[in-house]
Amino acid sequence: MRVDKFLHQMNVGTRNQITQLIKKGKVTLNAQRVRNGKTQLDPAQDLVKLGEQEIKYQVHYYYLLNKPLGVISASTDTHQKTVMDIFNKSDYRPDLFPVGRLDKDTEGLLLITNDGDLAHKLLSPAHHIKKTYEATVTGKLDDAVIEKFAKGIELKDGTQLYPARLEILDYNKMEDTTTIHVEIQEGKYHQVRRMFGAVGQKVVNLQRIQMGPLSIDEGLLPGNYRELTQTEVDDLLKLTE
């Protein structure tokens, strides 16, 4: 691989910026100053530095984003703010994309990556990746609703869903709302809202708090993100083997 192509893939800068860095002698390969961007290297073995900073070779990137309300789950959009607009310039890559989607009025855990193979497996119904949501819904729920979810809700359009686990956390008598956790293994359009609609309730607010082995950090506020740990990446890969 050429040095300039390597640096561009590692998001060091634009092609013109990289050319200038090389001309100024800022780039070294195995402690030797690089004079030509066409110089060949082995990304797995050679040591590349920009000044004193080592540029490590990385193919796939994984981020956990706490998606805020009012932002759409898309890579680009000409009219609305997307989850990719949240990323800092230093972390943004044009090949990153959200795995699945959260509605504009839903917040919470969203995986951002450029690993298309993993994304495909995570979204495949065959792998039954569990997703947990916390929601506030209208009315007071009882064991009968829990049983309906456990058997598999039939939506108003006749769609039969897989069984889901519903946990009632709290009932607010003053507001007549119930806080719940619901665990599903599908990702149909507006699924959680439609599930509660099928039992006569309305979702007031909705947040995804877990997907497979990933969960929202207590200190990761809406609109913030972090890189996955290697353990988290390994757990995701094992989950989809």
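The values are calculated or read from the model by the stated rules, or taken from the named source; none is laboratory data. Please read these numbers as outputs of a predicted model, since none were measured by experiment. Cβ atoms come from the backbone with ideal geometry, glycine included; neighbour counts cover every protein chain shown. Calculation scope for accessible area: heavy atoms of the full protein, side chains included, ligands and nucleic acids excluded. Shrake-Rupley method; radii C 1.70, N 1.55, O 1.52, S 1.80 Å.
Observations on the structure shown:
- Those residues of segment 114-143 which are in a helix (DSSP H, G or I), in contact (Cβ under 8 Å) with a residue 24 or more places away in the chain and not charged (D, E, K, R), in sequence order: Leu118, Leu122, Leu123, Pro125, His127
- Residues considered: Leu111, Leu122. Of these, the only one that is modelled with pLDDT of 95 or more, closer than 19 Å to Arg208 by Cβ, open to solvent by less than 40 Å² (accessible area, probe 1.4 Å) and of a type in the set (A, V, I, L, M) is Leu111.
- Segment 125-149, residues that are of a type in the set (S, T, N, Q) and either open to solvent by less than 40 Å² (accessible area, probe 1.4 Å) or touching a Cys at 6+ places or on another chain (Cβ under 6 Å) (or both): Thr132, Thr136
- From Leu69, Leu47, residue being open to solvent by 20 Å² or more (accessible area, probe 1.4 Å) and free of Cβ contacts under 8 Å to residues at least 24 places away in the same chain: Leu47
- Hits in segment 50-63 (condition: open to solvent by less than 80 Å² (accessible area, probe 1.4 Å) and in contact with a helix residue (DSSP H, G or I) (Cβ under 8 Å, 6 or more places away or on another chain)): Leu50, Ile55, His60, Tyr62
Residues checked against (1) open to solvent by less than 70 Å² (accessible area, probe 1.4 Å); (2) under 21 Å from Pro68 (Cβ atoms); (3) at pLDDT 95 or above:
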residue	(1), (2), (3)
Lys151	no, no, yes
Lys173	no, no, yes
Phe196	yes, no, yes
Ser215	yes, yes, yes
Lys238	no, no, no
